[in-house]
């Protein structure tokens, strides 16, 4: 059943890869790898938006496979029209240094162990974690079991604790998969989780390799996939890992768009940011951050046009979100029973800031559940390796993006109507994991690569850009 | 400086590989421990699903009462919350609302004294014992 659970998303994945290739015509080998990993989210995300529109417009729940096939068919036609099927330089011969071989083997080892970890926990906890049962898989079940009356899944009679206002990328992908397979196959949400986990790692690897070097990319992905909490959350079947995927996809595309002065990449960055918001509400402030960053990064280069490209990318996911919010009309738990006077009073309460700082410090020390603080380790590493110079404006903004998202999360804690300690215990480690891959990617963009700092050593240097 | 940088790169990789191996060991230990056991959610589903044999098909909302409702009873709030969540998860798309307002109510009681509490709060009702502390309560008057 597990292979079938992968296969049902095959057409969407192929369509996603094709769409990225259609918009970004780079034939560099790392660009091609990046397109494959970006295609996962683009394909699944667009398919879920189209499936939602289909549910709104027509009775029944069938047709997920047909939507994927239609999407793929359109992409293939567009690729043929644009003559984008030439193989390019992907399979050209390339040199590889011994250090890259060693690091490559380490990456293979880490990926292998991560896959084993996921398989074990997917079998032990086939229903995922608490949040999967309370929100994501509950929503999928409710929609799937309601058949023609799927809108009952958003009945106001359902307890507010089950967050019926949360967006639908993950639940609808699961429902689409179940309708295709003809039953509630537990492996479907698990397969989605693993697709997003490894595609996220793939984006970090290929974007770093494209912008910096293969060794630097290997270092980044080894640390990412070694992070115990990240692996654990990937088995939870919640929307946290898919959200993280879309955040890193959007951020890396914005940097690439600036580096290459390519508006197509900006469109894709907008698409990914929009899909982040269609995955989880935390994606909405991220969308705003990306718009602001676009304004600053492209300040002298046709700001209005560039912003329009970014916003054009968000169109389909935003349309889905607006229709969903109108359709469900449920208040978010953070703002229901939390009026303006209460929010203002919390904003000026120093005790809350102290409580949050103290909790945050503990969370940051134990970030990712590494046996020794990974922040300290990376800080020392950066100090020894040195910071790269010069750094482009977009790369500088790569630090601002996770930092802004982090600040927004802290603001939410300040104004939360829930018991603050409970809310932080319940969610802070997950929220920090949203940001960790972004921060790690920024870190390896800013720190000198092994090739650069050791460029006189023949053992270490070969095939690098920087 | 170059030697220091080589050490930094090597140490970071070794540290990461050490944690990776630890992840693998943890997964392997969990696998060996739980290989023969059914997961707790599936077990809970089997208990709760029996409710549906007794409830008419057109009932879309069920009530839910548990130890947390009974005054002066000790309970673990997290366990109670999890069990309520799993009950809703199992019975979806039906809504499961905490309280005694619905005609059909799921009871999840592990402590004695719940019948006295039901007698005090429901004028008349029928109760079916489903096992494992699960009950189906049918209000026979408003």
Revision key, fill the gap. Of all helices (runs of 4 or more DSSP H) fully inside segment A:135-228, the set with 3 or more residues that are within 20 Å of the chain's Cα centre (by Cα) and either buried (at least 24 other Cβ atoms within 10 Å of the Cβ) or without any contact (Cβ under 8 Å) to a residue 12 or more places away in the chain (or both) is A:169-181, A:187-211, A:214-226
Review point. Surrounded by fewer than 19 Cβ atoms within 10 Å (Cβ to Cβ), outside any helix (DSSP H, G or I) and free of Cβ contacts under 8 Å to residues at least 60 places away in the same chain: does that describe residue A:304?
Key: no
Practice item. Can you tell me which residue among A:275, A:319, A:295, A:287 is within 27 Å of residue A:135 (Cα to Cα), free of Cβ contacts under 8 Å to residues at least 40 places away in the same chain and in contact with a helix residue (DSSP H, G or I) (Cβ under 8 Å, 6 or more places away or on another chain)? Key: A:287
Review point. Just wondering, is there one or more residues in segment A:262-269 that are under 23 Å from residue A:433 (Cα atoms), at pLDDT 95 or above and in a helix (DSSP H, G or I)?
Key: yes
Point to revise | Residues being outside any helix (DSSP H, G or I) and without any contact (Cβ under 8 Å) to a residue 60 or more places away in the chain - total across segment A:34-61 | key: 1
Study note, to complete from the structure: Picked from segment B:1-45 (must be surrounded by fewer than 12 Cβ atoms within 10 Å (Cβ to Cβ) and under 30 Å from residue B:85 (Cβ atoms)), the residue farthest from the other protein chains (Cβ to nearest Cβ) is B:36
**Study point:** All positions within segment B:102-132 that are within 21 Å of residue B:61 (Cα to Cα) and crowded, with 16+ Cβ neighbours inside 10 Å
**Key:** B:102, B:103, B:104, B:105, B:106, B:107, B:108, B:109, B:118, B:122, B:125, B:130
Practice item. State yes or no: is residue B:52 part of a helix (DSSP H, G or I), more than 7 Å from chain A (Cβ to nearest Cβ), touching a helix residue (DSSP H, G or I) at 6+ places or on another chain (Cβ under 8 Å) and within 26 Å of residue B:116 (Cα to Cα)? Key: yes
Point to revise | Exclusive hit being away from chain A (no Cβ under 12 Å) and under 22 Å from the mean Cα position of the chain (by Cα), set B:70, B:78 | key: B:70
Study note, to complete from the structure: The number of residues in segment A:372-401 that are in a loop (DSSP other than H, G, I, E, B) and more than 9 Å from chain B (Cβ to nearest Cβ) is 6
Review point. Which of (1) assigned to a helix (DSSP H, G or I); (2) more than 10 Å from chain A (Cβ to nearest Cβ); (3) touching a residue at least 40 places away in the same chain (Cβ under 8 Å); (4) surrounded by 14 or more Cβ atoms within 10 Å (Cβ to Cβ) is the odd one out, the single condition residue B:63 does not satisfy?
Key: (1)
Review point. Any idea which residue in segment A:87-106 is farthest from residue B:43 (Cα to Cα), counting only those that are at pLDDT 90 or above and crowded, with 19+ Cβ neighbours inside 10 Å?
Key: A:103
Practice item. Mind listing whichever residues of segment A:122-134 are more than 7 Å from chain B (Cβ to nearest Cβ) and either assigned to a helix (DSSP H, G or I) or closer than 30 Å to residue B:6 by Cα (or both)? Key: A:122, A:123, A:131, A:132
Check your understanding: Limited to segment A:434-466, what total is found for residues that are within 12 Å of chain B (Cβ to nearest Cβ), at pLDDT 75 or above and out of contact with any strand residue (DSSP E or B) (no Cβ under 8 Å at 6 or more places or on another chain)?
Key -> 8
Exercise for review: Pick out the one residue from A:86, A:95 that is touching a residue at least 40 places away in the same chain (Cβ under 8 Å) and under 22 Å from residue A:256 (Cβ atoms).
Suggested key: A:86
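The values are calculated or read from the model by the stated rules, or taken from the named source; none is laboratory data. Just so it is clear, the model here is predicted, and its values are computed rather than measured. Using ideal geometry, Cβ is built from the backbone for each residue, glycine included, and neighbour counts are taken over all protein chains shown.
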